[in-house]
Every structure is written in C-alpha cells, then in structure tokens.
Amino acid sequence: KEFLLTSKAKDLVKHTVFMTDSIKRYPKKFKFSYVNRMQEIAIDILEDIQTANELNINDPEELKERLYLQNKAITKCKTLSFFIELSFENESININDKQCKTWIKYVLDVQYMAVRWRTKDKERTRR
C-alpha cells in the first residue's frame, strides 16, 4: 500500500503539470520563468517525500536526513504556493480564482500532511 502523502504529492505533480502545460493559461514567454520552475518544484516535493520515507528513523543519521528532507518538502510547498499566487496576480497568465484555490488546496494538503508527519517522527524519536 502506498504512503498517503506520496499519493497526495503525485496528485500535486499531476495537477501542476496539467495547469502549467496549457499555452492558454501560461503563454510561451512564461515557460522558463514560471512553468519549468513550478513543475520542477512539484517534482522535487515528491522526490523529497519519497526519499525521506525510505529512511530509517531508528538510525540517527538517517533520521537527521529524513527530517531535513521533510523540511525541504515543506519549504518547497510554500515556494510553489507563492508561484501560484504570482501566477494568479499576473494578468498575462490566465488562471481564475477557482483554479487558483483548487491548486493551492493540492499544495496545502501535501504541506500540512508533511508537517504532521515530521511532528510525529520527532515525537516518536523522543521516546
């Protein structure tokens, strides 16, 4: 059975690619400044979560790396949210309020789940 957070991160990648691959939403001039960067961030979030999940919390070095990767994923969620906000505010990019809120919800689902996961890992290792 797949880790639920991994599944949510995959959904985020799929939605980010869906939203950014449309020339109607993101004109070609935004390919490098927005589109590529947003897709890379979403993929990085997924990779950080998958890698962290493979690490053993009973090994002190692996736990340290796991917490670091969890923090990276959380920070990248915040960065991706900012790019979505910038996109919504840019009149040359065609994203409406509903699309923006839906996309942000994908990000926040991953972000909040990652925060809870990190908190539980910290609690487990203090015992």
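The values are calculated or read from the model by the stated rules, or taken from the named source; none is laboratory data. Model, not experiment: these values are computed from the prediction. Positions of Cβ are generated from backbone atoms using ideal geometry, with glycine treated the same way; all protein chains shown enter the neighbour counts. Calculation scope for accessible area: heavy atoms of the full protein, side chains included, ligands and nucleic acids excluded. Shrake-Rupley method; radii C 1.70, N 1.55, O 1.52, S 1.80 Å.
Here are the numbers for the structure shown:
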| quantity | calculated |
| --- | --- |
| Spacing of the two label points (7 Å from each Cα toward its C-beta) at residue 2 and residue 104, in nm | 2.7 |
| Calculated from backbone phi, Karplus (6.51, -1.76, 1.60) coupling profile of the range 24-34 in Hz, x at Gly/Pro | 5, 8, 10, x, 3, 5, 9, 4, 8, 7, 10 |
| Pairwise label distance in nanometres, residue 62 with residue 125, each label 7 Å out on the Cα-Cβ vector | 1.2 |
| Carbon and sulfur %, accessible surface of the chain computed with the full protein complex present, 1.4 Å | 52 |
| Virtual spin-label span in nm between residue 43 and residue 85, 7 Å along Cα→Cβ | 2.6 |
| Counted charge near residue 100, where neighbours are those whose Cβ lies closer than 12 Å (Asp, Glu -1; Lys, Arg +1) | +1 |
| From the C-alpha gyration tensor of the range 86-127, square roots of 5λ in Å | 35, 9, 4 |
| Karplus-derived 3J(HN,Hα), 6.51/-1.76/1.60, for each residue of the range 108-113, Hz, glycine and proline x | 5, 4, 5, 4, 5, 5 |
| Contour excess over end-to-end distance, with Cα ends at residue 22 and residue 97 and 0.36 nm allotted per residue | 25.3 nm |
| Cβ-derived FRET efficiency at R0 25 Å, residue 51 paired with residue 15, nearest 0.05 | 0.70 |
| Reachable aspartates and glutamates, given that their alpha-carbon falls under 12 Å from the alpha-carbon of residue 8 and they are not under 8 places away in the same chain | 109 |
| Charge dipole magnitude, Cβ of K and R +1, D and E -1 - the range 67-127, Cα centre, debye nearest 20 | 680 |
| Accessible area expressed per residue, the chain, with surrounding protein chains retained (probe 1.4 Å, Å²) | 61 |
| Hz values of 3J(HN,Hα) by residue in the range 50-63 - Karplus curve (6.51, -1.76, 1.60), Gly and Pro given as x | 5, 5, 4, 5, 7, 8, 8, 6, 7, 9, x, 5, 5, 4 |
| Under 17 Å from residue 24, Cα to Cα: aspartates and glutamates that are on another chain or at least 8 residues apart | 89, 91, 97 |
| 20 Å Cα-Cα reach of residue 64 towards lysines, excluding residues that sit fewer than 8 places from it in its own chain | 72, 76, 120, 122 |
| √(5λ) per eigenvalue of the Cα gyration tensor, the chain, largest first, Å | 31, 13, 12 |
| Low-density loop cleavage sites - GluC sites (Glu not before Pro) in the range 56-115, where at most 14 other Cβ are within 10 Å (DSSP) | 91 |
| Relative contact order (%) - the chain, alpha-carbon pairs under 8 angstrom, separation at least six | 31 |
| Point-charge dipole on Cβ atoms (K/R +1, D/E -1) for the chain, about Cα centre, debye to 20 | 320 |
